[in-house]
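S.K.: What follows is a structure written as structure tokens; I'll ask about it next.
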Amino acid sequence: MREDLMDIICCPLDKHELDLEVIRRDDDEIMEGRLVCTECGEEYPVEDGIPNLLPPDMREESPA
Amino acid sequence: MREDLMDIICCPLDKHELDLEVIRRDDDEIMEGRLVCTECGEEYPVEDGIPNLLPPDMREESPA
Amino acid sequence: MSVREEFDRWASEGRDKGMEERHWHTAKHALARMPVEPGDTVLDLGCGSGYAGRALRETADAGRVYGLDAAPEMASNARSYTDDSQVTYLVSDFEHLPFADDSVDHCFSMEAFYYASDPHVALSELARVLRPGGTFYCAVNFYEENVHSHHWPEMVGVEMTRWSEREYRQAFRDAGLHVAGQDRIPDREITIPPADEFPTENWASRADMIERYRTYGTLLTVGVAP
Amino acid sequence: MSVREEFDRWASEGRDKGMEERHWHTAKHALARMPVEPGDTVLDLGCGSGYAGRALRETADAGRVYGLDAAPEMASNARSYTDDSQVTYLVSDFEHLPFADDSVDHCFSMEAFYYASDPHVALSELARVLRPGGTFYCAVNFYEENVHSHHWPEMVGVEMTRWSEREYRQAFRDAGLHVAGQDRIPDREITIPPADEFPTENWASRADMIERYRTYGTLLTVGVAP
Ligand SMILES: Nc1ncnc2c1ncn2[C@@H]1O[C@H](CSCC[C@H](N)C(=O)O)[C@@H](O)[C@H]1O
Ligand SMILES: Nc1ncnc2c1ncn2[C@@H]1O[C@H](CSCC[C@H](N)C(=O)O)[C@@H](O)[C@H]1O
């Protein structure tokens, strides 16, 4: 994902803004990181450049 | 035209309600008559069952 | 000659039926897409022979249907084709619609809109009479991209507004309508003669005729009142 | 099996590309009708291989395009098919859209909507994220009138919502969307084998196969945010 995705995305649960924590960048793509809800504190992973914004219970519904 | 047309039509010029003056009926159709604007007084003819709601200057733009 | 006079002449020569037949090839597809529910009030702008309103009564169980045409002879012909008391034809002008605000559920128009002397005024009148969520299905064969239509005003002898697809969308929005969609409906039914019959009276080449009907077809722009 | 697991499996077997190829026959017609203007933000719900967003970038000059899918393997495949920095794929769920209110101009969805566990919630989420005048182009091959699709849930092994055309219109309206149009887009490109090859693995008769593709085709319902 690119950083400008932050303009449009929000927490899928409470629709509040997210903060981005970058773990690894590749040019202007964020490859690994975390999106953290500024309201409820829920964390959403960015893996292999793709943000996973499923509600946590859906994300963990089965081992990847 | 049938009388229930009055529910929906209005004066094409000022959009006010019209009054219906019936000259000749054929069952529940009004064959000849006049539609008169309750606001501006403009008259629109009903001829052969068809109301002519053209603005007067367009109606008379050429002899019928 | 005025549009009214021209089409009065067409109607008295019975040409309303020929238009119906040709326009039906694409008009029926536009009509089939309309979200008309049983009992809805529908308006047909520039109705000609009035087929569209009659079709929507039959296929979609529309309630009251109004066919509107500036040419009295057209309205009179249209009236003579049906006994359905829910179908009314009236003589009136696109720019001076004799309908109350928000009184119409859906409006259809085939090959008529571009005759409006001021199409922007016609669109605002439409936006006024459509209820919120009401649609305007505006179908035209005469438009900028369809190069094979450019000579029509000269041929017919009346003025026509030639907008591009983009100009249609823009004008709808300027009038306060949302644009829900736009596309070209190909005419797959017109008979295209074999190559050795070209040039014909109307077509220099078979490729041109195919392009006119299959590629350009009928431009449909769908507006929705907010 | 959950929808997510099922489609993760499909994606790892490369079946996203097969769906793209088959769905393109009708999806391209739906996409061509969308009123996307240069720079518009477009969302593809249940994007699979992600072809729809890439097409709208190319044909309509869409601005930012988001392809959303609950199956991480699908999003990952989709991402691998393009280098376009304006196209983003993300993993998320129809009923929990991670987008701000009024942030999307237009939304497309092909053969995906009926997998929502609660399609009414999915529609209200959509109504929330679409800006006023934004459209939702919802295309499905699985619907009540298409009798040839009724056995799919059993075949695929996941639950699907089977609405009729009328139920689609009603549900859109219940969610606060205007219905701008609805129709069936025929698939004219699928190869239908000659009569003597029937029954085939999937089709008892040629007539059934023709009905499935040419008559029922893809049901498109177009909603507009007020
Ligand atoms: N300003 C205007 N107001 C009302 N009707 C008009 C008009 N300009 C043109 N028309 C009517 O629009 C019609 C166009 S011909 C198309 C007729 C019909 N819709 C069909 O598909 O066959 C003519 O009958 C003409 O009289
Ligand atoms: N609730 C949900 N949220 C997000 N994606 C979902 C979903 N339910 C199903 N999907 C996704 O929807 C897709 C349906 S398959 C269709 C893919 C693509 N639109 C095409 O036309 O080929 C699958 O990839 C599946 O993972």
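Every read-out reported here was derived from the displayed coordinates using simple, explicitly stated rules and does not represent laboratory data. This is a predicted model, so every value here is computed, not measured. Note that each Cβ is placed from the backbone with ideal geometry, even for glycine, and that neighbours are counted across all protein chains shown.
S.K.: What Kirkwood hydrodynamic radius, in Å, does the protein assembly as shown give when the mean of 1/r is taken over all pairs of distinct Cα atoms and then inverted?
M.R.: Computed over the protein assembly as shown, the radius equals 26.0 Å.
S.K.: Give me the one-decimal Kirkwood hydrodynamic radius in Å for segment D:36-129, with the sum taken over alpha-carbon pairs.
M.R.: Every distinct Cα pair counted, the radius reaches 13.1 Å.
S.K.: Leaving out same-chain residues fewer than 8 places away, which lysines sit with a Cα under 28 Å from that of C:Lys28?
M.R.: Cross-link targets: C:Lys17, D:Lys28.
S.K.: Now, a different point. So who's got an amide H within less than 5 Å of the one on A:Glu42, skipping anything under 5 residues away but keeping other chains? H placed 1.01 Å off N, in plane.
M.R.: For A:Glu42, whose amide H was placed from the backbone, the distant partners under 5 Å are A:Cys37.
S.K.: Assume the label is 7 Å from Cα along Cα to beta carbon: what separations in nm does C:Gly14 have to the matching positions in the other copies?
M.R.: 6.4
S.K.: For chain C, what size does the Cα cloud have along each of its three principal axes, sorted from largest down, in whole Å?
M.R.: 53, 37, 35
S.K.: State, to one decimal in nm, how far the label point of B:Asp48 lies from the label point of C:Thr191, with both points 7 Å from Cα in the Cβ direction.
M.R.: 3.2
S.K.: Between copies, how close do the D:Pro193 label points come, placed 7 Å along Cα→Cβ, listed in nm from shortest?
M.R.: Listed shortest first, these distances are 4.3 nm.
S.K.: May I ask you to report, in nm to one decimal and beginning with the shortest, the distances from C:Val121 to the same position in the other copies, taking label points 7 Å along Cα-to-Cβ?
M.R.: The projected label point of C:Val121 is separated from its counterparts by 5.3 nm.
S.K.: On to the next question. Under the rule of -39500 (n - 2.57) per DSSP H run of 4 or more residues, summed and divided by the residues of the protein assembly as shown, what mean residue ellipticity at 222 nm is obtained, to the nearest 500 deg cm²/dmol?
M.R.: The per-residue figure over the protein assembly as shown is -8000 deg cm²/dmol.
S.K.: Also, I was wondering about something else. Just to be sure I understand the model, the point goes 7 Å from the Cα along the line to the Cβ. What's the resulting D:Thr200 to C:Ala204 distance in nm?
M.R.: 4.3
S.K.: Let me ask something else. Kirkwood Rh over alpha-carbon pairs of segment A:3-59, then Stokes-Einstein at 4 °C and 1.567 mPa s: what D in µm² s⁻¹, rounded to an integer?
M.R.: 114
S.K.: Can you work out the Karplus-derived ³J(HN,Hα) for every residue in segment C:203-217? Use 6.51 cos²θ - 1.76 cosθ + 1.60 with θ = phi - 60°, whole Hz, and x for glycine or proline.
M.R.: Per residue, the Karplus-derived 3J(HN,Hα) values read 10, 5, 9, 5, 4, 4, 5, 5, 4, 4, 8, 8, 8, 7, x Hz.
S.K.: Follow-up. Would you pull out the residues with amide H under 5 Å of B:Ile30's amide H, same chain only if 5 or more places away, H placed 1.01 Å from N?
M.R.: Result for B:Ile30 returns B:Arg2, B:Glu3.
S.K.: To the nearest 0.05, what FRET efficiency results for B:Arg25 and C:Glu13 with a Förster distance of 45 Å applied to their C-beta separation?
M.R.: Approximately 0.90, to the nearest 0.05.
S.K.: Give, as a single signed number, the net charge of other residues whose beta carbon lies under 12 Å from the beta carbon of D:Val121, with Lys and Arg counted +1 and Asp and Glu -1.
M.R.: Residues close to D:Val121 contribute a combined charge of -4.
S.K.: Can you list residues from other chains, or at least 5 along the same chain, whose modelled amide H is less than 5 Å from the amide H of C:Gly181?
M.R.: Distant-sequence amide H within range of C:Gly181: C:Val222.
S.K.: Still on this structure, I have one more. Given Cα pairs under 8 Å that are at least 6 residues apart, what percent is the relative contact order of chain C?
M.R.: After rounding, I find 19 percent.
S.K.: Turning to a different aspect of this structure: Between segment D:90-132 and segment C:25-80, what is the C-alpha centre distance in whole Å?
M.R.: Comparing the Cα centres of segment D:90-132 and segment C:25-80, I get a distance of 35 Å.
S.K.: Give me the net charge of D:Ile192's neighbourhood, meaning all other residues with Cβ under 9 Å from the Cβ of D:Ile192; Lys, Arg count +1, Asp, Glu -1.
M.R.: Here the charged neighbours net out to +2.
S.K.: In chain D, which residue puts its Cβ closest to the axis that turns chain D onto chain C, and how many whole Å away is it?
M.R.: Reported as residue, whole Å: D:Ala180, 2.
S.K.: Can you give me the relative contact order of chain B as a percent, contacts being Cα pairs under 8 Å and 6 or more apart?
M.R.: Rounded, it is 26 percent for chain B.
S.K.: So which trypsin sites (Lys or Arg not before Pro) in segment C:144-194 pass both tests, a DSSP loop state and at most 13 other Cβ atoms within 10 Å of the Cβ?
M.R.: C:Arg188
S.K.: In addition: Could you give the nm distance between label points at C:Asp84 and D:Ala100, where each point is 7 Å from its Cα heading toward the beta carbon?
M.R.: The two pseudo-label positions are separated by 4.9 nm.
S.K.: Once you keep just the Cα pairs under 8 angstrom separated by 6 or more residues, what percentage relative contact order results for segment C:58-136?
M.R.: 29
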